[in-house]
Amino acid sequence: MEVVSINKFAKAAIITIMLCSCDKAVSAPINQSDIKAIAQTLAGECYDDKELDKRRVCEVILNRVSSKGFPNSVIGVLRKPKAFNGYWKQSRPISFNDYKVAEEALKDWYGNECMPLSDLLYFRKGRNRENVFRTKF
């Protein structure tokens, strides 16, 4: 991992990391727009009381950022056509827990040098208000 620039005068230091293990450029620390975008997606893809389901959706998002064949940013992954309908249309209000789960997943991802957090890359709506996760399309 090679640190390219540090802006010490910003409220939070912005570190641009090049050559992350996934060979994609990412920014750290966690930026608020990524947290908000993921939380917004969780409000459209998951029931509020399903924290493990939310975590797995976060893993799918971040695993895609880390993987070849997908956009190299959270926003790029979420805005890809037909990928995350929940980003565009929420089924419930965004909750504090959505923000918490999104932030924790991003912290874990950066702590893991932007490597995938699991093998999960896809999911679909399942029965009993839970999503069904998988590694292949």
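Every number in this text was worked out from the coordinates using simple rules, so none of it is lab data. Here the structure is a predicted model, which is why all the values come from computation and not from measurement. Cβ coordinates were reconstructed from backbone atoms using ideal geometry, including for glycine residues, and neighbour counts include every protein chain displayed.
The mean sequence separation of alpha-carbon pairs under 8 Å and at least six residues apart, normalised by the residue count of region 50-113, gives a relative contact order of 36 percent.
Sorted on the mean count of surrounding Cβ atoms within 10 Å across their residues, most packed first, peptides 52-63, 104-115 read 52-63, 104-115. Placing a label point 7 Å from the Cα of GLN32 along the Cα-to-Cβ direction, the residues of region 66-100 whose backbone N falls under 18 Å from that point are 75, 94-100.
Between the beta carbons of ARG92 and ASN128, assuming R0 = 22 Å, the FRET efficiency works out to 0.85 to the nearest 0.05.
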